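Taking it in order: structure first as structure tokens, then the write-up.
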Amino acid sequence: MGSTISPPPSGSTELYLTHPTEEEKKQIWASTHPLWGTALSREVYVKREAYLQTIPVAKTGGMSNWVLTTSPTPSENRLVLSSCESLRKRAFVSTTKEDGTVELKESTAHGIASVFNDPAFRGRGYASRMMKDLALALSNHKGSPNPNGPSSPTSSKRSSYEGPESICSILYSDIGKSFYSKHGWKPFPSEHVSFRPSTAYVDTSNEAKPLSYHDLAILSAADEEMLRKRLSSPSGSRKKTRIAIVPDLDSMLWHLMREDYMTTQLFSRVPTVRGAMVGLQEAGNRVWAIWTRNYYSPDRKDMHKNTFYILRFVVEDETMPGDQLVDATRKIVNMAKKEAAEWHLGEVQMWNPAPVVRRAIEGTKMECSWTDREDDSIASLNWYGSGDAEDVEWVANEKFAWC
């Protein structure tokens, strides 16, 4: 990655945003291991990154790798100055017109991840240049190029994806709010509630039902339909435009298959409990959650660095009696706390719970802490639609949308 060759300045026309070769990808992953892969050996981490390009959301052109480099075509001498990835995601966009009617469209959003600047070239503005060029590229990006075609974001040899046009790109900043904001990514509310893991929870027939892989397809389909109906109705907010990343099955599988890779490497087994549900009646009366386990340290003495994330928390009927919702929430969180303890995770987190869920959590009187994040995992959105991001409401801004 590093070089004694001095690249052109960040404003030069001799810098190019393009796609890396397979060998360049491996070099990038080896360089990012100390930042994001310390729960694994470097060799295994590189293999994991390659594997993540083959699973739902990422596969069939859904993931694109990007580099800012000194040549638009591969060569032994070109320098990789900065790099990142983008994941193509489905999004719903709801617009309230002047006459009060609502128009709902499906669009494409791009999640940006793994922004990295070669240490040898830091402080020269290359990451800023990459993000500036990337914002423009993603505004009309459909997917990664044909692997047999030219490695260029402007290549006509694209994947066969012919989905909706791009409406936005999102990222989760771990360097505060200012850097990405000045490049077009507006910070949005980034709150989470956390609970301590506990083995005190005892499962009985009166508690929550554990969810497995086999439950996810039906629940994700129901969730998508409920969100579609919600966004098809007028909003009580003054905002005229609402956007939601679709919590579809592929979005969940991206997290869970990533989790499976990690737990296989660390524990030689995979989890069986992927969430919990209360209410076994027909759809419309249930409360449920899907979750994942995330590891940053393999050492149990550093388990506080590992986090159990509730990816999505769904209340199918928000008009259900408050005491019932509080009881259901308590049962689901208790099961999450138990799973987190068994899998050596430092805390349970739920991101940006909906107002009805927040009230239910408060109603449980469970010990928890609320955090308004200012420095890490700041949900940020670059809006490509009409109007300004200031006039956009991000609905269902939960952990499942993270990449």
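Assorted remarks:
- Within a Gaussian network of the chain (alpha carbon springs, distance under 10 Å), most fluctuating of Cys84, Cys368, Cys168: Cys368
- Extension gain for Asp391-Lys365 works out to 5.8 nm (0.36 nm per residue, less the C-alpha to C-alpha distance).
- Cα-based Rg of the stretch 1-133 normalised by 2.2 N^0.38 Å, two decimals: 1.27
- Relative packing of peptides 8-14, 253-259, 118-124 - highest average C-beta neighbours within 10 Å first: 253-259, 118-124, 8-14
- Each peptide in 318-329, 390-401 was scored by the mean count of other Cβ atoms within 10 Å over its residues; highest first, the order is 390-401, 318-329.
- Alpha-carbon spread of the stretch 167-285, three principal axes, descending order, Å: 48, 38, 27
- If you plug the beta carbon distance of Ala354 and Ala30 into 1/(1 + (r/R0)^6) with R0 = 30 Å, you get a FRET efficiency near 0.15.
- For the chain, the longest principal axis of the C-alpha atoms and the axis of helix 355-364 are separated by about 50°.
- Trypsin sites (Lys or Arg not before Pro) restricted to the stretch 336-392 and DSSP loop, no more than 10 other C-beta within 10 Å: Lys365
- Formal net charge of residues neighbouring Pro8 (Cβ-Cβ distance under 11 Å; K, R +1; D, E -1): +1
- Kirkwood's formula applied to the C-alpha pairs of the chain gives a hydrodynamic radius of 22.3 angstrom.
- Most mobile of Met262, Met335, Met366 in a GNM of the chain (Cα contacts under 10 Å): Met366
- Computing FRET efficiency as 1/(1 + (r/R0)^6) for Ser297 and Val102, where r is the C-beta to C-beta distance and R0 is 41 Å, gives about 0.30.
- Computed label-point distance, nm, for sites Ala217 and Thr272 using a 7 Å Cα→Cβ extension: 2.1 nm
- The order of the peptides 287-299, 178-190 by mean Cβ neighbours within 10 Å, most packed first, is 287-299, 178-190.
- Note on Ser6 and Arg196: the extension gain reaches 63.4 nm, defined as 0.36 nm multiplied by sequence separation minus the Cα-Cα distance.
- Charge context of Trp383, other residues only, Cβ under 14 angstrom, K/R +1, D/E -1: -1
- Extending 7 Å from the Cα toward the beta-carbon at both Ser377 and Ser232 defines two label points whose distance is 3.3 nm.
- Here the stretch 246-403 is treated as a Stokes sphere of Kirkwood radius computed over C-alpha pairs; at 37 °C and 0.692 mPa s its diffusion coefficient rounds to 193 µm²/s.
- When the pairs Lys97/Lys337; Lys26/Lys229; Lys97/Lys399 are compared against a 32 Å limit on Cα-Cα distance, Lys97/Lys337; Lys26/Lys229 fall above it.
- Kirkwood Rh (inverse of mean 1/r, distinct Cα pairs), the stretch 329-403, angstrom: 14.9 Å
The numbers here are math on the coordinates, done by the rules we state, and not lab data. These numbers were taken from a predicted model, which means no experiment stands behind them. Neighbour counts run over all protein chains shown; Cβ positions are idealised from the backbone, glycine included.
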